[in-house]
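K.L.:
Encoded as structure tokens, here's the structure I'll be asking about.
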Amino acid sequence: MNARFEGKVVVATGGGQGIGAAAARRFAAEGARVAVLDLDAKEARREGWAALAVEGDCTTPAVMEEFFALVESSLGPPDVLFNNVGQSARERSGPFAESEEATWRFVLEVSLLTAMRASRLVAPGMQARGCGRIVNMSSDAAFAGDAGLADYAAAKMGVVGFTRSLARELAPFGVTVNAVSPGAIRTRAHERLSPAILQRIVAQTPAGFVGGPDDVAAAVAFLASEEARFITGQTLLIDGGRWMV
């Protein structure tokens, strides 16, 4: 592993497990000082790859503000922000005609507004320093429009629009903003799916298999690196070809 992020400060929301943890470990392996904010940060503390691991709810503005203030005072201003936190309605997912507004609001809050909130906390500093990388987490559900995921698809397409608009605003200051859009990835949530659903997912994936968190982490690290300095406002689908742009 090279040292593309030697001396850099990287923040990953929802970085305690799954894709967020895989990306955080990747950044740490490449020399970064990594800070994670997650409801469950025990794994990050136990494995020791995070320079700062804080347990907290990313949907609470005060928690987010305190966390970023702690990052800056402990490690320095963030060079990279990975807005990873988010989730679907999971067991509350279902046909839109039977859905409830409280569920929509939860999904929009955790999957879209957290990214906007965290970006608002780092963008002024990145803009002033004339450098920085923001990588947002979308989903191929935004493009495929999966049935039963109307709220999640709306939130994640909102991430795409937010990414493009913020990228245009920050590009003159040397800051890039991109998004990754994974398909089915082997995470703890994925493990709860039935064999029939897993078989259907594989059948719909031209690559013929389900990707892992490290597949997404590699793309996140690339977009956050100097190698991607001329890439901004883009959304990279990581789904084995299920949806092609």
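K.L.:
With the structure loaded, tell me whether Val210 is among the aliphatic types (A, V, I, L, M), modelled with pLDDT under 95 and closer than 29 Å to Arg120 by Cβ or whether it fails that test.
P.N.:
So Val210 does not fit the description; no.
K.L.:
Which of the following residues is surrounded by fewer than 22 Cβ atoms within 10 Å (Cβ to Cβ), closer than 23 Å to Thr114 by Cβ and polar (S, T, N, Q): Thr176, Thr187, Thr205?
P.N.:
One residue alone meets the criteria, Thr187.
K.L.:
Can I ask one more? Tally the residues that are buried (at least 18 other Cβ atoms within 10 Å of the Cβ), more than 12 Å from the chain's Cα centre (by Cα) and aliphatic (A, V, I, L, M), restricting the search to region 9-35.
P.N.:
Residues flagged as buried (at least 18 other Cβ atoms within 10 Å of the Cβ), more than 12 Å from the chain's Cα centre (by Cα) and aliphatic (A, V, I, L, M) within region 9-35 amount to 6.
K.L.:
Mind listing whichever residues of region 123-158 are surrounded by fewer than 23 Cβ atoms within 10 Å (Cβ to Cβ) and within 17 Å of Val80 (Cα to Cα)?
P.N.:
Across region 123-158, the qualifying residues are Ala123, Pro124, Gly125, Gln127, Ala128, Arg129, Gly130, Cys131.
K.L.:
Select from region 215-245 the residues that are among the charged types (D, E, K, R) and closer than 23 Å to Ala21 by Cα and list them in ascending order.
P.N.:
Result: Asp215, Glu226, Glu227, Asp239.
K.L.:
Would you mention how many residues in region 118-131 are under 15 Å from the mean Cα position of the chain (by Cα) and not in a helix (DSSP H, G or I)?
P.N.:
Count: 0.
K.L.:
Now a separate question. Kindly check whether there is at least one residue in region 61-71 that is farther than 15 Å from Thr13 by Cα, charged (D, E, K, R) and touching a residue at least 12 places away in the same chain (Cβ under 8 Å).
P.N.:
Within region 61-71, not a single residue is farther than 15 Å from Thr13 by Cα, charged (D, E, K, R) and touching a residue at least 12 places away in the same chain (Cβ under 8 Å).
K.L.:
With (1) closer than 27 Å to Thr235 by Cβ; (2) aliphatic (A, V, I, L, M); (3) at pLDDT 90 or above as the list, and Ala62 as the residue in question, which single condition is left unmet?
P.N.:
Tallying (1) closer than 27 Å to Thr235 by Cβ; (2) aliphatic (A, V, I, L, M); (3) at pLDDT 90 or above, Ala62 fails exactly one: (1).
K.L.:
If you go through region 184-194 one residue at a time, do you hit one that is in contact with a Lys or Arg (Cβ under 6 Å, 6 or more places away or on another chain) and in contact (Cβ under 8 Å) with a residue 60 or more places away in the chain? Give the derivation first.
P.N.:
Step one: filter region 184-194 for residues in contact with a Lys or Arg (Cβ under 6 Å, 6 or more places away or on another chain), giving none.
No, that holds for no residue.
K.L.:
Filtering region 196-245 down to residues that are of a type in the set (S, T, N, Q) and touching a helix residue (DSSP H, G or I) at 6+ places or on another chain (Cβ under 6 Å), which residue is farthest from Ile185 (Cα to Cα)?
P.N.:
Of all residues in region 196-245, those of a type in the set (S, T, N, Q) come to 199, 204-205, 225, 232, 234-235.
Among the residues that remain, those that are also touching a helix residue (DSSP H, G or I) at 6+ places or on another chain (Cβ under 6 Å) are: 232, 235.
Numbers: Thr232: 24, Thr235: 17 Å.
Restricting to residues being of a type in the set (S, T, N, Q) and touching a helix residue (DSSP H, G or I) at 6+ places or on another chain (Cβ under 6 Å), the top hit is Thr232.
K.L.:
While we're on this one: Give Val85, Val80, Val36, Val54 a once-over and let me know the one that is in contact with a Cys (Cβ under 6 Å, 6 or more places away or on another chain) and either within 25 Å of Lys156 (Cβ to Cβ) or of a type in the set (A, V, I, L, M, F, W, C) (or both).
P.N.:
Val85
The values are calculated or read from the model by the stated rules, or taken from the named source; none is laboratory data. Note that the structure is a prediction, hence the values are computed from the model and not measured. Methodologically, a virtual Cβ is constructed for each residue, glycine included, from the backbone with ideal geometry; neighbour enumeration extends over all protein chains shown.
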